[in-house]
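First up is the structure itself, then whatever we jot down about it.
The values are calculated or read from the model by the stated rules, or taken from the named source; none is laboratory data. Because the structure is a prediction, the values reported are computed rather than measured. Please note: Cβ atoms are built from the backbone with ideal geometry, for glycine as well, and neighbour counts cover all protein chains shown.
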Amino acid sequence: MKKIDIHAHLTAFPEYCPPDPNNNQRFLTADELLSMYDELGIERGVILPITSPDGELVVLSNESAAYLAGKYPDRLSWFCNVDPRAMENTSASRIGYLLEWYKSLGAKGVGEFTSNLYADDPLTDHLLDICGELDMPVLIHIAPKFGGYYGMIDDLGLPRIEKELRLHPKLKIIGHSQFFWSEISADNSDEIRGSYPSGKIVEGRIAKLMREYPNLYCDLSAGSGANAMMRDPEYAVSFMTEFADRIYYGCDICAATNRHQYIFRDFLDGLYDSSALPKDVYEKIVRKNAEKLLGLQ
């Protein structure tokens, strides 16, 4: 089955996109990403703009995402992104105007949320409330503290995200990053939550939150999602089977040299080929859940 990647970043203007000084790699163009998709067996990707400056090398605009999705309609969809600090965001402001505008252009959700604000900051809370009212899911990157990071800030155990899940039951929140996926195991700690923990998993906060809050979803992209599944394949099968309707396959390819997406593709396909992962579970995760989210069914 051809996959759908819930987590893609692209540049429409490679000649102007600064390369990362650490590896001299820039974000991929659509043609470069689609060539990689053909190798990976991916039919479609969801472009996630990056509009917040926190900890970022480059901003990827909503306009570019809409342009690229329109240029490759059979291969690309898009989310929009709105920083909670835009338009003097208050309960009386019209920040919802931006979300309504981008939704009218075809944006299927909001993300990747990388603003370095607390999950329960009034600015964040107001934006999430509007997203819930507009039925626009939000894909979030979790960070551990203010400053030196990008992402929505939460503490060990994700208490602030839990608060938002409870306050906004109509809002689909899609979790992502090391600081999210380390919570899959109860042995998480402040010392390891930003890394790629190894070893057998003892059921942690994510499963408990998923059971209590049906509006929590998961993004398997990047090394963080891949590591959470690959560190304990037996638990991964159990986790994916229980929450099959709320898990999305993703890549998060940020440079041509990235290889995590091939390793995880082989792992996931291997579980299916060996019959460890049931066919219906596999199909929901790699494609059908995203089809439903994007209105492609």
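The figures follow:
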| quantity | calculated |
| --- | --- |
| All positions within region 150-205 that are charged (D, E, K, R) and surrounded by 14 or more Cβ atoms within 10 Å (Cβ to Cβ) | D154, D155, R160, E162, K163, E164, K172, E183, R193, R205 |
| Scope region 37-56; condition at negative phi and more than 19 Å from the chain's Cα centre (by Cα); matching residues | D38, E39 |
| Tally of residues being in a loop (DSSP other than H, G, I, E, B) and more than 19 Å from the chain's Cα centre (by Cα) across region 57-75 | 3 |
| Residue count, region 252-261 (criterion: in contact (Cβ under 8 Å) with a residue 40 or more places away in the chain and assigned to a loop (DSSP other than H, G, I, E, B)) | 6 |
| Residue pairs meeting the criteria (Cβ under 8 Å; at least 6 apart or on separate chains; first at positive phi, in region 1-25; second of a type in the set (A, V, I, L, M, F, W, C) and modelled with pLDDT under 95) | none |
| Yes/no for E100 being among the acidic types (D, E) and in a helix (DSSP H, G or I) | yes |
| Conditions (1) touching a Ser or Thr at 6+ places or on another chain (Cβ under 7 Å); (2) assigned to a helix (DSSP H, G or I); (3) not hydroxyl-bearing (S, T, Y); number of the one not met by L128 | (1) |
| Hey, A226 of a type in the set (A, V, I, L, M, F, W, C), surrounded by 23 or more Cβ atoms within 10 Å (Cβ to Cβ) and out of contact with any strand residue (DSSP E or B) (no Cβ under 9 Å at 6 or more places or on another chain) or not | yes |
| Every residue from region 10-36 that is under 26 Å from I142 (Cα atoms) and in contact with a strand residue (DSSP E or B) (Cβ under 8 Å, 6 or more places away or on another chain) | L10, T11, F27, L33 |
| Per-region count, region 14-39, residues exposed (fewer than 13 other Cβ atoms within 10 Å of the Cβ) and assigned to a loop (DSSP other than H, G, I, E, B) | 7 |
| Scope region 211-251; condition touching a residue at least 60 places away in the same chain (Cβ under 8 Å) and in contact with a Gly (Cβ under 8 Å, 6 or more places away or on another chain); matching residues | Y217, D219, L220, S221, A222, G250, C251 |
| Whichever residue in region 249-297 is hydroxyl-bearing (S, T, Y) and either touching a Lys or Arg at 6+ places or on another chain (Cβ under 6 Å) or surrounded by 15 or more Cβ atoms within 10 Å (Cβ to Cβ) (or both) and, among such residues, is farthest from I6 (Cα to Cα) | Y272 |
| Residues satisfying the stated conditions in region 190-236, i.e. among the aromatic types (F, W, Y) and under 20 Å from the mean Cα position of the chain (by Cα) | Y196, Y213, Y217 |
| Sole residue being among the small types (G, A, S), surrounded by fewer than 15 Cβ atoms within 10 Å (Cβ to Cβ) and either under 17 Å from Y249 (Cβ atoms) or without any contact (Cβ under 8 Å) to a residue 60 or more places away in the chain (or both), chosen from G45, G55, G70 | G70 |
| Complete set of residues in region 173-189 that are within 12 Å of the chain's Cα centre (by Cα) and not small (G, A, S) | I173, I174, H176, Q178, F180, W181 |
| Only listed residue being in a helix (DSSP H, G or I), of a type in the set (A, V, I, L, M) and either within 23 Å of R211 (Cβ to Cβ) or under 19 Å from the mean Cα position of the chain (by Cα) (or both), chosen from A276, A290 | A290 |
| Contacts under 9 angstrom Cβ, first residue in region 90-112 being farther than 16 Å from F79 by Cβ, partner at pLDDT 95 or above and among the polar types (S, T, N, Q), 6 or more apart | none |
